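So the structure is just underneath, and the comments pick up after that.
The values are calculated or read from the model by the stated rules, or taken from the named source; none is laboratory data. Please read these numbers as outputs of a predicted model, since none were measured by experiment. Virtual Cβ from ideal backbone geometry, glycine too; neighbours counted across all protein chains shown.
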Amino acid sequence: MTASPSRPAVSRQGWPDDRTMAQAVISGDAGAARARLRILATSDLHACIYPYDYFVDRETHSVGLARAASCIAQLRHGAPNCLLFDNGDFLQGNPLGDFAAKSSAEQGWRHPVVEAMRQLGYDAASLGNHEFDWGLPFLAQALEGAGFPLLCANLQSASTFSPFWAPYVILHRNLALDGGGHAPIRIGVLGLLPPQVTKWNAHHLDGVVVSHDIVATALQVVPRMRAEGADLVIALAHTGIDPSTDGSRQENAALALACVAGIDAIIAGHQHLRLPGKDFAGIAGVDADAGFVHEVPCVMPGFGGSEVGAIDLALTHEGARWTVEAAAARLHPISRRGADGAIPLVQSDQAVLDAAAAAHEGTLAYIRQPIGRTLAPLHSYFSVLKPTRALQLVSEAQLWHARRMIAGGPLDGRPLLCAASLFKAGGRGGPANYTDIPAGPLAIRNVSDLYSYPNELQIVDMSGDELGEWLEMSASIFSTVAADGIVRPLLLHGAAPYNFDVIDGLTYRIDLAMPARYDIDGKLAPGGARRIGALRYMDQKVSPDRHFLVVTNSFRASGGGHFPGLGMDRVVASSHEANRDVLAAYIADRGTVECHERPIWRFAETGGALVDFDTGPGATRHLHEIAGFAPVAQGMTEEGYVRYRMTLP
């Protein structure tokens, strides 16, 4: 697909002040009407309203819609024509979102995130995939009374093929003109999300909702919006930018979406990355410095309100329509990184804080509820280097619950394994995105820290051969190494540590001298290489045709994370209880937990390959745990990670 030849060339401006953007719009016919329109956007808020990290129970300066609101106010002040949008994933992601869901049965309940957004005066919002994590009835209740349009074009009812939500809206506004006076404009706003949501949340959506390709949907809907009179079309696209994917049903489809004729601006998201910015430098079709994707202005404003995206459009009205003459894109951060962490650039907006104050106080009381004790620290700094106590606790809890589920039934007595990973292990979440629980009391917040998603526990049936493929996909996050004196990064760029599943009940080795069998998007690599070796169950070699029960979560069971061989047809038992609640119940049942690092997996011998490994600064307190890798500190990365050079045995 290529960009439409009918799309007019848009001048790329540096971030405008009044003088530079005014110059852009007066360069043409002096008789034409001209105006400037500012588009503001947040994305992937994940229930971050207060500048507070509920996982560690302390204030933070790097996220929070309340701080972003002050940034929004400043940007509105400088623009007589301004729109504010959100790009999805706003309901779920931290204990405030969890507390809101648990409180939804209360009389007069209103979702605090939606209330905060209503207070800010959003013009529209699209739905993201995580809006569906608690199912459709909860979502309908949460969005009730929002006061602004909620959009989603590529989901339909499986029975009627009618949309559950408005696919788009056409906003009628009066623009303040540069020369004085006003003129009407019709602004079309389209909502899109990854079609994989029906897979990721199959336990809620299977047989109820069908999803469609992002680009195919836009190709159908954008001409309809134009035919209905839209002068401009803005895509609220809860999707990212990934040059490695092509074809239909792309999860990160913004590159192809920008080629759809008739789209004037794109708000992207889902990846928790930043555009403009170096996150997308060097990608064909992306001007990462200016914030353009195939000539279309585009912003991706980070995560949790960390940035406010802004697109300024210089508009000219000639004849019967408005056209975009010039555009500029920029991100406005709410903090900057200092030597000791984030330094706020704006203060929190009190009205937004007030809108969520009751939920914030309720969340604090909720996360501080004691449930037990741990005799040893639980952390995720080295979760991709070796088995950890933190993951062992999660696995033990899930196996404990699964055994009770199947006791006395037809599945009882079959070999039972557990596949799990630690979600907070760095990656795109940054150097603070690690679990770090000291020995001592455990509270609800610690459980949320260990298991941050509202997935449900499920059991799948897998053959020995399929278990091998599962682990091969898990091992795709690593670089290929060699004992040749060249230092390589341990993890591939863009790899997600939360996709590093460990299967408890088996033992195995990972050979990083071999190429990965799959790429990080789940595509089978040519050559037939394998990294997983010595795969054993109860000290016996796992035969390809022997079947096992594997405890996992609903996201992975349905095929989430591009893992091969999984899907709802493999699920043999569902608990309908959240994995996180299972973990809390297990700790409460035990009172005191003492987890040991069982030797489930290790790296195969490399002969001394050198690798660089980035982890959180808190890892320095636990370096004795990886003494076998001979870690040597290399200093701090630009992003704030601590880098260690290590020798793989």
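Looking at 312, 279, 289 in this structure, which one is out of contact with any Asp or Glu (no Cβ under 8 Å at 6 or more places or on another chain) and assigned to a helix (DSSP H, G or I)?
279
Results for (1) without any contact (Cβ under 8 Å) to a residue 24 or more places away in the chain; (2) under 30 Å from residue 207 (Cβ atoms); (3) in contact with a Gly (Cβ under 6 Å, 6 or more places away or on another chain); (4) not assigned by the TED database to the domain that holds residue 502, shown as yes or no for each residue.
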position	(1), (2), (3), (4)
540	yes, no, no, no
573	no, yes, no, no
578	no, yes, no, no
600	no, no, no, no
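Under the condition of being within 22 Å of residue 576 (Cα to Cα) and of a type outside the set (A, V, I, L, M, F, W, C), which residue from segment 113-164 is surrounded by the fewest Cβ atoms within 10 Å (Cβ to Cβ)?
So the residue we want is 137.
Could you check segment 327-364 and list, in sequence order, the residues that are in contact with a Ser or Thr (Cβ under 6 Å, 6 or more places away or on another chain) and acidic (Asp, Glu)?
Within segment 327-364, 349 is the sole residue that qualifies.
Among what's in segment 449-476 and is under 16 Å from residue 511 (Cβ atoms) and aliphatic (A, V, I, L, M), pick the residue that is surrounded by the most Cβ atoms within 10 Å (Cβ to Cβ).
Step by step, filter segment 449-476, then rank; the result is 473.
Among the residues of segment 191-204, is any under 22 Å from residue 322 (Cβ atoms) and either without any contact (Cβ under 8 Å) to a residue 24 or more places away in the chain or out of contact with any Cys (no Cβ under 9 Å at 6 or more places or on another chain) (or both)?
Scanning segment 191-204 turns up no residue that is under 22 Å from residue 322 (Cβ atoms) and either without any contact (Cβ under 8 Å) to a residue 24 or more places away in the chain or out of contact with any Cys (no Cβ under 9 Å at 6 or more places or on another chain) (or both).
Could you count how many residues in segment 622-641 are among the charged types (D, E, K, R) and either free of Cβ contacts under 8 Å to residues at least 40 places away in the same chain or part of a strand (DSSP E or B) (or both)?
Qualifying residue count, segment 622-641: 1.
Is it fair to say residue 244 is surrounded by fewer than 18 Cβ atoms within 10 Å (Cβ to Cβ) and touching a Lys or Arg at 6+ places or on another chain (Cβ under 9 Å)?
Yes; evaluated as a whole, the condition is true for this residue.
For the condition farther than 30 Å from residue 241 by Cα, crowded, with 24+ Cβ neighbours inside 10 Å and not assigned by the TED database to the domain that holds residue 425, what is the one hit in 293, 308, 352, 394?
From the options 293, 308, 352, 394, the qualifying one is 352.
So which residues in segment 565-619 are assigned to a strand (DSSP E or B) and of a type in the set (S, T, N, Q)?
Across segment 565-619, the qualifying residues are 574, 575, 592, 615.
Regarding residue 339, is this residue on the phi < 0 side of the Ramachandran plot and in contact with a Lys or Arg (Cβ under 9 Å, 6 or more places away or on another chain)?
no
What pairs come up if the first residue lies in segment 368-389 and is under 30 Å from residue 477 (Cβ atoms) and in a loop (DSSP other than H, G, I, E, B), the second is among the acidic types (Asp, Glu) and modelled with pLDDT of 95 or more, and their beta carbons are under 8 Å apart, counting only those six or more places apart or on different chains?
Correct list of pairs: 377/436; 380/436; 381/436; 382/625; 386/625.
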